[in-house]
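The values are calculated or read from the model by the stated rules, or taken from the named source; none is laboratory data. Since we're looking at a predicted model, the values are computed, not measured. We place every Cβ from the backbone using ideal geometry, glycine too, and count neighbours over all the protein chains shown. These accessible areas exclude ligands, DNA and RNA; they are computed on the full protein's heavy atoms, side chains included. Shrake-Rupley method; radii C 1.70, N 1.55, O 1.52, S 1.80 Å.
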Amino acid sequence: MEKELAERPRLPDLNTLELHNLNQTLLTNTNSSAFKTRTTVISSVSVVLVLLALIGFLVWRQRRLKLHTQKNNLALTKIYDDLKNIGEPMPEDLKDSPLHDKLEYLPYKKQYEIANENLEKCIVLGKGNFGIVRKGFLKMAAPKTEEQEKKRLTFALKSAADQYGCSEGIR
C-alpha cells in the first residue's frame, strides 16, 4: 500500500486563496459550457421546427394545386363530353379531308351563336393576310330592363380572309 501511495502523483500544496480561484474557474467553465450546450440545443430545435413548418406548407400547397387541377380537368372533361355528343358522326371518307369540307360535322352548340340583330358592325380597324377586323357593338340578347337594353359591349369582329369564297368574311 505504501508503494501505491508513493507512485501516485502528489498534488501541490495549495493555500485557501488558490483553491477558491481554482473553484471559480471550474464553475465559470462549467457555466459557459452549459450555456453553449443550451444555446446549441435551442438553436437546433428552432431550425428543425422551421424546416418542418416549411415542409408542411409546401405539402399543403402541392395538395391544393393538385385539387385545383383535378377540378379544372373535370370541368374541361365535361365540356368536351358535351361538345363531343353533339351532331352526327363524321363519315370515314371525310376524316382526312380539309377542315372546310367537314364543317357541318364538327361539334357545335346553337346556344353560343350570336344573332345578327344583336350585332352592330362599324368601321374597319384593320386588314391583313388572314382577314378583316371591324369595330362592333353587341346588344344584350334578352334584356329585362331599359338599362340592360341600352348597354352595349364593344368588341372586335374578326372575319376570315377570302380563302373559301367569302369576299369579306362573315356578314
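A few notes on this one:
- Fraction of accessible area attributable to carbon and sulfur, the stretch 117-164 (%, probe 1.4 Å): 53
- A DSSP coil position with no more than 13 other Cβ atoms inside 10 Å describes the following chymotrypsin sites (Phe, Trp or Tyr not before Pro) in the stretch 63-151: 108, 130.
- One chain, two ends: residue 61 and residue 118. Fully extended at 0.36 nm per residue, the span grows by 16.0 nm beyond their Cα-Cα distance.
- Of the GluC sites (Glu not before Pro) found in the stretch 32-131, those in coil by DSSP whose Cβ has at most 10 other Cβ atoms within 10 Å are 113.
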